[in-house]
Amino acid sequence: MSPTATAAVRDRLRIAIQKSGRLSEPARALLASCGLSWRESRDRLFCYGESLPVDLLLVRDDDIPGLIADGVCDLGIVGRNVLQEQVGERAASAQPAVHREWRALGFGGCRLALAVPEDWKWDGPAQLTGKRIATSYPALLSQWLAQQGVNAEVVTLSGSVEIAPRLGKAEAICDLVSSGATLTANHLKPVETLLESEAVLAGPVVPFGGVRAELAALLLRRLDGVLRLKDSKLLLFQAARGAVPELLKLLPDAEPPTVTIIDGSDRLALQALCHGAVTWQRLEDLKRAGANSLLVLPVERMLA
Ligand code: ATP
Ligand code: ZN
């Protein structure tokens, strides 16, 4: 299929997300919180956008970068690990870059790590020289080995990488880790991090034209509002004028506050949007520094 042929005729935006797996629900929820809604088709592979001309294609996560490269989809929500592996693959075969990470989305966090048998005394990457390393991320691993100047054999496996050492297929592995429980169960320990990963919005390097450019800009505006609000709260409090400089030092994550003078007193009422978590501990610290009448309000939507 010719990428430009499919892309040129479309006046709707098409986003690929994982059909079922770790990223599918949070990806949908994130898009829904940007005001998108869909009519599901019976085969549940394509969801027609109702509130906006933005459709979803439900696929395997590994297919997402390829669908964007071919112009079948405009954007995708995928792990940075999957995106960067395919970016690395293209670079290794001297193909031009087509993908770019548009936004980091703050869920699906994990890391691509190198793990070795528990009983190895780890003294650095040079120890891997001449060893076999099993992975589903051959491009990222090869890149890292080259950066480290280490000559090791990359053994590509599509799954069950963590049992490769027990099966005698490799001495070490390079795989995704979140809690590390799978590694421990296989008597392995993580020793190096190759990539910190999370779900990302992946898109093309080249900007869209026409209607799709407008739709993508609208989506990004809403997405940025949603992402900024994740932990954000509106904090209201009162304080004596003299205490305010100290109080603001306790709010490094806050936007410049709105300040109102309370008639007939030396006290001020302040309102600040805080981007970090406003915990009980922080409220108590503010109270000790002279704030009172503290109120924390949830923020529903924001459009900068
Ligand atoms: P698919 O059927 O779509 O190919 P999959 O089995 O490849 O599914 P999942 O296991 O659902 O995919 O993982 C999707 C993404 O979730 C990973 O690529 C990674 O970015 C992220 N992730 C977060 N934590 C972990 C983890 N502990 N193990 C694997 N992936 C994780
Ligand atoms: Zn996959």
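The values are calculated or read from the model by the stated rules, or taken from the named source; none is laboratory data. Every value quoted in this text rests on a predicted model; they were computed, and no experiment measured them. Note that each Cβ is placed from the backbone with ideal geometry, even for glycine, and that neighbours are counted across all protein chains shown. Side chains are part of the model used for accessible areas, which takes the heavy atoms of the whole protein and leaves out ligands, DNA and RNA. Shrake-Rupley method; radii C 1.70, N 1.55, O 1.52, S 1.80 Å.
Taking strands (runs of 3 or more DSSP E) that fall entirely within the stretch 198-304, which contain at least 1 residues that are among the basic types (Lys, Arg) and within 30 Å of Gly35 (Cα to Cα)? Walk me through how you get there before you give the answer.
Numbers: elements: 199-204, 233-240, 258-261, 267-274, 292-298.
Output list reads 233-240.
Hey, could you check the stretch 158-179 for residues that are within 9 Å of ligand 1 (Cβ to nearest atom) and free of Cβ contacts under 8 Å to residues at least 40 places away in the same chain and say which is nearest to Arg111 (Cα to Cα)?
Restricting attention to the stretch 158-179, the residues satisfying the condition of being within 9 Å of ligand 1 (Cβ to nearest atom) are 159, 175-179.
If we keep only those that are free of Cβ contacts under 8 Å to residues at least 40 places away in the same chain too, we end up with 159, 179.
On the way: Gly159: 17, Ser179: 10 Å.
Selected residue: Ser179.
Taking the residues in the stretch 244-261 that are charged (D, E, K, R) and within 15 Å of Arg288 (Cβ to Cβ) as candidates, determine which candidate is surrounded by the most Cβ atoms within 10 Å (Cβ to Cβ).
To start, the set of residues in the stretch 244-261 that are charged (D, E, K, R) comprises 246, 249, 253, 255.
Okay, now just the ones that are also within 15 Å of Arg288 (Cβ to Cβ), so 246, 249.
On the way: Glu246: 13, Lys249: 9.
For the stretch 244-261, the residue satisfying everything is Glu246.
Collect the residues in the stretch 139-189 that are in contact with a helix residue (DSSP H, G or I) (Cβ under 6 Å, 6 or more places away or on another chain), among the β-branched types (Val, Ile, Thr) and over 20 Å from Trp122 (Cβ atoms), keeping them in residue-number order.
Scanning the stretch 139-189 gives a single hit, Thr156.
Output the helices (runs of 4 or more DSSP H) that fall wholly within the stretch 2-119 and possess 3 or more residues being within 16 Å of ligand 1 (Cβ to nearest atom) and closer than 25 Å to Gln143 by Cβ, or say none. Show your work before the answer.
On the way: elements: 3-9, 24-33, 64-69, 80-92.
Per the criteria, 64-69, 80-92.
Please verify whether Arg132 is open to solvent by 60 Å² or more (accessible area, probe 1.4 Å), in the same structural domain as Asp11 (by TED's automatic domain parsing), basic (Lys, Arg) and under 26 Å from Leu183 (Cα atoms), treating the condition exactly as stated. I'd like the intermediate steps shown before the answer.
Working: open to solvent by 60 Å² or more (accessible area, probe 1.4 Å): yes; in the same structural domain as Asp11 (by TED's automatic domain parsing): no; basic (Lys, Arg): yes; under 26 Å from Leu183 (Cα atoms): yes.
No, not satisfied.
More than 16 Å from ligand 2 (Cβ to nearest atom) and touching a Cys at 6+ places or on another chain (Cβ under 6 Å), is that true of Leu227?
Working: more than 16 Å from ligand 2 (Cβ to nearest atom): yes; touching a Cys at 6+ places or on another chain (Cβ under 6 Å): no.
So Leu227 does not fit the description; no.
Exactly one of (1) of a type outside the set (Lys, Arg); (2) away from ligand 2 (no atom under 16 Å from the Cβ); (3) modelled with pLDDT of 95 or more; (4) closer than 15 Å to Gly203 by Cα is unmet by Ile64. Its number?
(2)
Given Gly159, Gly242, Gly203, which one is assigned by TED's automatic domain parsing to the domain that holds Ala27 and of a type in the set (Gly, Ala, Ser)?
Gly203
Among (1) buried (at least 16 other Cβ atoms within 10 Å of the Cβ); (2) outside any loop (DSSP other than H, G, I, E, B), which single condition is Val150 missing?
(2)
Pairs please, first residue from the stretch 73-92 and within 15 Å of Ile15 (Cα to Cα) and in contact (Cβ under 8 Å) with a residue 60 or more places away in the chain, second anywhere and assigned to a loop (DSSP other than H, G, I, E, B) and within 13 Å of ligand 2 (Cβ to nearest atom), Cβ atoms under 7 Å, 6+ apart in sequence or on different chains.
Ile77/Leu23; Gly79/Leu23; Gly79/Gly108
Taking interchain pairs and intrachain pairs at least six residues apart, which have beta carbon atoms under 9 angstrom, with the first residue in the stretch 98-111 and within 21 Å of Val226 (Cα to Cα) and the second among the polar types (S, T, N, Q)?
Close Cβ pairs (under 9 Å, with a partner that is among the polar types (S, T, N, Q)) amount to Glu101/Gln84; Gly108/Ser197; Gly109/Ser178; Gly109/Ser197.
Can you tell me which residue within the stretch 84-115, out of those that are open to solvent by less than 50 Å² (accessible area, probe 1.4 Å) and within 14 Å of Leu194 (Cα to Cα), is nearest to ligand 2 (Cβ to nearest atom)?
The selected residue is Glu85.
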